[in-house]
Amino acid sequence: MKRIFIWAIGVFGATLLLGQQPNYVSGKISKDTRWSGDVHINGDVVVARNATLTIDAGTRIFIAPHQDVTRGGTDPELTEIIILGKLVARGAERGGRILFTSAAKAQRMRDWYGIVIKGRRQQSELRNCIVEYAYKGITAYGSAPVIENCEVRFNFYIGISAEVRAKPTIRNCLILGNGVAGINCE
């Protein structure tokens, strides 16, 4: 009986010390969805054409480094957030910015792929966000997102990329420390 009690205390204590493992998100979002608090991603998240992903101010999105359980997207080794529908990420200027970052203890450029906005019918927006430690921070692919008051930093290749007739509106952003270019237009 004493052994079971000691074992139970040990397991409970280890859980408190190590913390609880986060619930990971990956896969297709096919209906309107809202994220808040801390969100942990370990595989591609694809927002379907008729869906909207709304991210509340102050939300922190942690992306598992060098991992993609879905094995999809542009890079099957790195997690991507792919927007075919609409992304509404409106952070608050003071103390409520939305953070997209690597979950690694020692964060590095190219820990995850980045945010790819392909939704042509609906205008996505990122306001007061930080996007860091990706391969490409934000890619507008044939889309016209509004990127405003954002900090796009420490991405391996490019901070913001406008590709295939993309028409992003970029206002009042701080784009720094990206590997090859801050802004790329193809």
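Values in this text are rule-based calculations from the coordinates and carry no lab data. Values in this document were obtained by computation on a predicted structure and should not be read as measured data. Methodologically, a virtual Cβ is constructed for each residue, glycine included, from the backbone with ideal geometry; neighbour enumeration extends over all protein chains shown.
Structural remarks
- Relative contact order %, the range 22-185, counting alpha carbon pairs below 8 Å whose residues are six or more apart: 16
- Listed residues GLY179, ASN23, GLY159: farthest to the positive end of the dipole of the chain (Cβ charges): ASN23
- Using the Cβ of GLU163 as centre and a radius below 13 Å, the other residues enclosed give a net charge of +4, where K and R count +1 and D and E count -1.
- In order along the range 117-130, the Karplus-derived 3J(HN,Hα) couplings, from 6.51 cos²θ - 1.76 cosθ + 1.60 at θ = phi - 60°, round to 9, 10, x, 8, 7, 10, 8, 7, 8, 10, 10, 6, 10, 10 Hz, and Gly and Pro are given as x.
- Using R0 = 22 Å, the C-beta based FRET efficiency linking LYS105 and LEU176 works out to 0.45.
- Nearest-20 debye value, the range 22-185 charge dipole, Cβ charges on Lys, Arg, Asp, Glu: 420
- For the range 109-176: rounded, prolate or oblate by the Cα gyration tensor [a/c cutoff 1.5]: oblate
- Shown in residue order for the range 142-153 are the 3J(HN,Hα) couplings computed by the Karplus curve 6.51 cos²θ - 1.76 cosθ + 1.60 at θ = phi - 60°: x, 10, 9, x, 9, 10, 9, 6, 9, 10, 10, 9 Hz (x for Gly and Pro).
- Annotation: lysines with alpha-carbon distance below 30 angstrom to LYS28 (same-chain offsets under eight excluded): LYS86, LYS105, LYS118, LYS136, LYS167.
- Close amide H contacts of LYS28 (hydrogens built in the peptide plane, cut-off under 5 Å, sequence separation of 5 or more or a different chain): VAL46.
- The range 16-110: C-alpha gyration tensor shape, a/c 1.5 cut-off, then a/b vs b/c: oblate
- Remark on ALA51: its backbone amide H falls under 5 Å from those of GLY85, LYS86, a criterion applied only to residues 5 or more positions apart or on other chains, H modelled at 1.01 Å from N.
- Sequence ranges 165-175, 138-148, ranked by mean other-Cβ count within 10 angstrom, highest first: 138-148, 165-175
- Nonlocal amide H pairs with ASN178, under 5 Å, H built at 1.01 Å: PHE154, ASN155
- Note, ³J(HN,Hα) from phi for the range 71-83, Karplus 6.51, -1.76, 1.60, rounded to Hz, x at Gly and Pro: 6, x, x, 5, 10, x, 9, 10, 6, 10, 10, 10, 10
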